[in-house]
Amino acid sequence: MTSFAEARIKHERGHVDEAVKMYDELLNSEVGKVNHEVLFFYGTALYQHGKVGLAAIVLKQCIDARPTFQSAFQNLGNCYRWATDYEGAEEIYKAGLELGESADLEACLGGMWINRGNPQKALYHYERSLAIEPRDELVKFNSGFCHLEMGDWKKGWPLYDLGYTTGARTPRQYLNLPIWQGEPGKTLIVWGEQGLGDEIMFASLIPDLQKICKRVIFDCHPRLKQTFKRCFPDVEIHGTRKNYNVEWVSKTDADVHCSITSAARFLRNEDKDFPGTPYLFPAVTLPKRHKRLRVGVTWAGGTKGTHAHARSFPVETLLPILDQDCDFYSLAYHKNAARELCELEEDHGIHLIHYPSVVEAENYDQTMNFIGGLDLVITVCTTVHHAANAMGIPTWTLVPSEPAWRYGTKGTKTVWYDTATLYRQKKGEAWDKVIERVAKDLQRLTQEKVAA
């Protein structure tokens, strides 16, 4: 017979599937009895296993059995937060805090407000958490997002770097090279991380790094290798940052290394440090002599874990834009894009040109070159926003009311790109209202082009 201690050991060692089965066995052996400890760990394991709805039911039962079990409130609140029921999650976290102060619950409340347009509120809870447990570096790391969202770069970058020591971000090591601390005259390996959009955004640092380093070696995402080799001809480019064992490292003459995001700590501490000017370019610059504007559009971005629900909408929402006298091209790369566009044409008679082989290309340079031939890009918050702006293509970006830190909390401009115009969704506002504003501006632009 499985013991509770054995199940806990399996759980703590990360064998969640086995732990769930063992908790099941324990509960089956005591039908009719309520063991709040087993319920708590069972509910926690179910949550980690992705069975969030069932986890919430089990954790509620745990709280019913022991209303003072504070950790159960934390994990139940996490279930509601996962389901984007933020009001429900906040209510549960606060109910847990009524039992006594808790650094973990305060941190959960802080995390709930990250990327939701209220970094001040998130920072308030993080500071309360740190007042209870001042050594919690994960909370410090998360508080860094608040400072970055508020444009307090000098405070934000060092805290953001704590992600490497807390396990929230994945570090890399190149031989036994030390991490670069901003000193000039070094041969530096700078490596990318996170998604394509972030790597493109932070690549604006490469020209600045070249000015202060003896030489720069850029280990980038393999999909971006060709673009960076063309645009940074004096930089040694390797598309191996997704690999762990790469041959070129053993032959390098580099002195130091660091992530490209860490380099921002030395080069982007005030708004004036962001040049905003284009730093990438397409392979071929197409002449723009056509009478109609060539406009690229997207309508979906992200995953469930990166707030896809907030920055995506049905393609039909774009109808007021697509009704303008322009040539429209889809830049959408999500798996259902082609089907959605077929249904759009079937239901509304609008043909939005879509080239899957271009916008879904493994070599992202094909996508970059296509974007580079457009007059305007209208996009949700996704890689396309960064790709277009990095090449200086005028870009109108639809920013949700709960934006990621990269887009800040107010204004129509961003320090990252001079060519970006942000159309912000107001709190509680439907996307169609934002689209109406964009459509009016596009109509005005097309009329100006005709008049010219």
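So here's what we get for this one:
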{"read-out": "Qualifying residue in the stretch 163-180 (condition: over 19 Å from the mean Cα position of the chain (by Cα) and closer than 16 Å to ILE206 by Cα)", "value": "yes"}
{"read-out": "The stretch 65-78, residues that are in contact (Cβ under 8 Å) with a residue 12 or more places away in the chain and over 19 Å from ASN115 (Cβ atoms)", "value": "ALA65, ARG66, THR68, PHE69, GLN70, SER71, ALA72, PHE73, GLN74, ASN75, LEU76"}
{"read-out": "Of all residues making up the stretch 368-393, the number that are open to solvent by 10 Å² or more (accessible area, probe 1.4 Å), closer than 16 Å to VAL284 by Cβ and in a helix (DSSP H, G or I)", "value": "2"}
{"read-out": "Verdict on THR412 being exposed (fewer than 15 other Cβ atoms within 10 Å of the Cβ), in contact with a Leu (Cβ under 7 Å, 6 or more places away or on another chain) and among the hydroxyl-bearing types (Ser, Thr, Tyr)", "value": "yes"}
{"read-out": "Among (1) closer than 19 Å to THR414 by Cβ; (2) modelled with pLDDT of 95 or more; (3) touching a helix residue (DSSP H, G or I) at 6+ places or on another chain (Cβ under 7 Å) - the single one ASP152 does not satisfy", "value": "(3)"}
{"read-out": "Qualifying residue in the stretch 40-47 (condition: among the hydrophobic types (A, V, I, L, M, F, W, C), assigned to a helix (DSSP H, G or I) and out of contact with any His (no Cβ under 9 Å at 6 or more places or on another chain))", "value": "yes"}
{"read-out": "Members of the stretch 394-408 found to be open to solvent by 10 Å² or more (accessible area, probe 1.4 Å) and either free of Cβ contacts under 8 Å to residues at least 24 places away in the same chain or not in a loop (DSSP other than H, G, I, E, B) (or both), listed by number", "value": "TRP396, ARG406, TYR407"}
{"read-out": "Index of the failed condition, GLU183 passing every other in (1) of a type in the set (Asp, Glu); (2) open to solvent by less than 10 Å² (accessible area, probe 1.4 Å); (3) not in a helix (DSSP H, G or I)", "value": "(2)"}
{"read-out": "Residue match in the stretch 230-242 (condition: surrounded by 13 or more Cβ atoms within 10 Å (Cβ to Cβ) and closer than 21 Å to ALA420 by Cα)", "value": "yes"}
{"read-out": "Any chance CYS258 is in contact with a Phe, Trp or Tyr (Cβ under 7 Å, 6 or more places away or on another chain), open to solvent by less than 10 Å² (accessible area, probe 1.4 Å) and at pLDDT 95 or above", "value": "yes"}
{"read-out": "Positions within the stretch 415-435 being under 18 Å from LEU322 (Cα atoms) and either hydroxyl-bearing (Ser, Thr, Tyr) or surrounded by 13 or more Cβ atoms within 10 Å (Cβ to Cβ) (or both), in sequence order", "value": "TYR423, TRP431, ASP432, VAL434, ILE435"}
{"read-out": "Qualifying positions in the stretch 1-39 - open to solvent by less than 30 Å² (accessible area, probe 1.4 Å) and in a loop (DSSP other than H, G, I, E, B)", "value": "THR2"}
{"read-out": "Only one of ASP365, ASP325 that is of a type in the set (D, E, K, R) and open to solvent by 40 Å² or more (accessible area, probe 1.4 Å)", "value": "ASP325"}
{"read-out": "Residue in the stretch 69-81 that is more than 23 Å from GLU101 (Cβ to Cβ) and not charged (D, E, K, R) present", "value": "no"}
{"read-out": "Enumeration of residues in the stretch 59-96 that are small (Gly, Ala, Ser), open to solvent by less than 30 Å² (accessible area, probe 1.4 Å) and within 14 Å of THR44 (Cβ to Cβ)", "value": "ALA72, GLY77"}
{"read-out": "Check on ILE350, of a type in the set (A, V, I, L, M, F, W, C), out of contact with any Leu (no Cβ under 6 Å at 6 or more places or on another chain) and either free of Cβ contacts under 8 Å to residues at least 40 places away in the same chain or over 22 Å from ARG116 (Cβ atoms) (or both)", "value": "no"}
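So that you can scan it fast, the table gives a plain yes or no per residue for (1) in contact (Cβ under 8 Å) with a residue 40 or more places away in the chain; (2) part of a helix (DSSP H, G or I); (3) more than 30 Å from ILE63 (Cα to Cα):
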{"position": "ASP104", "(1), (2), (3)": "no, yes, no"}
{"position": "ALA122", "(1), (2), (3)": "no, yes, no"}
{"position": "HIS125", "(1), (2), (3)": "no, yes, no"}
{"position": "LEU148", "(1), (2), (3)": "yes, yes, yes"}
{"position": "LYS154", "(1), (2), (3)": "yes, yes, yes"}
{"position": "TRP157", "(1), (2), (3)": "yes, yes, yes"}
{"position": "VAL190", "(1), (2), (3)": "yes, no, yes"}
{"position": "PRO207", "(1), (2), (3)": "yes, yes, yes"}
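The values are calculated or read from the model by the stated rules, or taken from the named source; none is laboratory data. Owing to the predicted nature of the structure, the values given are computational and were not obtained by experimental measurement. Counting neighbours? That spans all protein chains shown, and the Cβs are built from the backbone with ideal geometry, glycine included. Remember, those area values only see protein heavy atoms, side chains included, never the ligands or the DNA or RNA. Shrake-Rupley method; radii C 1.70, N 1.55, O 1.52, S 1.80 Å.
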